[in-house]
Amino acid sequence: MQSPHAVILGAGHAAAQLVTSLRQQGWQGAITLVGEEPVLPYQRPPLSKAYLASQMSAEQMLIKNAAAYEKAGVNLRLGVRAERIDRAQQRVHLDSGEVLDYSALALTLGARVRELTVPGADLPGVFYLRTLADVDRIKAHASVGTGQRAVIVGGGYIGLETAAGLRQLGLSVTLLEAMPRLLERVTSAEVAAFYQRVHTEEGVDIRCGKSVQRILGASAVTAVQCADGDTFPADLVIVGIGVLPNVALAAAAGLDVGNGIRVNAFAQTSDPLIVAAGDCTEFFSEAHGRALRLESVPHAMAQASCAAATLCGKPVAYQAQPWFWSDQYDLKLQMVGLSQGHDQAVIRGDSHQGRSFSVFYLAGGRLLAVDCVNRPRDFLLGRKLVAAAAEMPADALADESSDLSRWLPTPTPTTP
Ligand SMILES: Cc1cc2nc3c(=O)[nH]c(=O)nc-3n(C[C@H](O)[C@H](O)[C@H](O)COP(=O)(O)OP(=O)(O)OC[C@H]3O[C@@H](n4cnc5c(N)ncnc54)[C@H](O)[C@@H]3O)c2cc1C
């Protein structure tokens, strides 16, 4: 039998957490971390926020410094891509030619951007935003303070955060969204209307119902043309139309794959020697009664801890509550739970003129999810209330003088 060797493929948020958790849970064997990006695992959220707006350095974004990996005894293979998993031999083939034997394998491969396929989409000046290298390319192209015109394609969180970052750099920004409103896929009309107002106040030209048909330009992008014929001049275009989970490696190895690499509650794939965590996985959530694929840092970290526990022979079922945040301008949005299926959205605070409010999503009078803008206390209580699926009356929720904590479940008294 070979000596214990955990090989981790993909070096992002989930991988960094896996390394930490493996050692904390007592993994004694070797650990090798393989990542195709030529840098140590870094925090991805600031890419479209503080890093784009030049308020944070690449160094500050590292999840852990090189010394921490050395201390944890991790063999790093960065700038190297895993090309094939040979499950029968328990080996991974890398594009450097190296072959790694594993006793345990972790797939933390993340997701890649969905690409725009219209004519002209490959012109210089068209960018995506997923990696440090992507943002470095954008920043090298964007000239601060020259009134350059940026067109953003996609009105999800990445598109909106990018719009805020580029405004902070002094660019003129137009955002095109194909759906009738912003954030269609991820949150309610109430929250979308709020962000439409704020971005308009901040000088972003938001156009919904605009489907991009062609990118115009000879040697570089000059404009974006929509299906209705409207054309928007552009010196640069940033596309943020979603991501696709990286499943090809797992599928080619014969692992069970759906909208992500399928894992059970213990982060195990259909091969018990192989775990997976983060954006690349699909798992069944008992709490939501359906398969989910989540794209968030808290999920990547929690599922990675769960995967590490499994590899260390101390399995604990994954039960983390979905939560997420987005920073735009002076606004911190924090979301907990999944609002799909709500039959009532109750606003607490002023979303029409103010910049601080929460939306509580109820189904049959029970709390499913909460979105909070600049309301950390509502978020803290919201997490507990969502976990308890608290039954809450809409009128009282909307009344800011009512204390939310009164709907918290009363702790069951412990017998001495
Ligand atoms: C711009 C941006 C802003 C975001 N903002 C937020 C936010 O505010 N809050 C939040 O919760 N989440 C946010 N997210 C989402 C969050 O970053 C992801 O959910 C998180 O990074 C997932 O971690 P992961 O480890 O699963 O994948 P990743 O961080 O994507 O890491 C996967 C790594 O695997 C590598 N890889 C893939 N295939 C191979 C291969 N064959 N061989 C070797 N390496 C490979 C990839 O290159 C990548 O480096 C944001 C994402 C982006 C892009």
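Read-outs throughout are calculated quantities, based only on the coordinates presented, and are distinct from any laboratory measurement. What you see is a predicted model; the values in this text were computed from it and never measured. Because the Cβ atoms are built from the backbone with ideal geometry, glycine has one as well, and the counts that use them run over all protein chains shown.
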message: Need the list of lysines near Lys384 for cross-linking: C-alpha distance under 29 angstrom, and skip anything on the same chain fewer than eight residues off.
response: Lys49, Lys314, Lys332
- request: Go through region 25-31 residue by residue and turn each phi into a ³J(HN,Hα) via Karplus (6.51, -1.76, 1.60, θ = phi - 60°); whole Hz please, and just put x for glycine and proline.
  value: 7, x, 5, 9, x, 6, 10
Counted charge near Val7, where neighbours are those whose Cβ lies closer than 10 Å (Asp, Glu -1; Lys, Arg +1): +1
message: Suppose we keep just the DSSP beta bridges with both residues in the chain; what percent of those would be antiparallel, to 5?
response: 60
Per-residue ³J(HN,Hα) for region 174-188, Karplus 6.51 cos²θ - 1.76 cosθ + 1.60, θ = phi - 60°, Hz, x for Gly and Pro: 10, 10, 10, 10, 6, 6, x, 8, 6, 6, 4, 7, 10, 7, 6
query: To the nearest µm²/s, what D does Stokes-Einstein give for the chain at 37 °C and 0.692 mPa s, using the Kirkwood radius over alpha carbon pairs as Rh?
result: 143
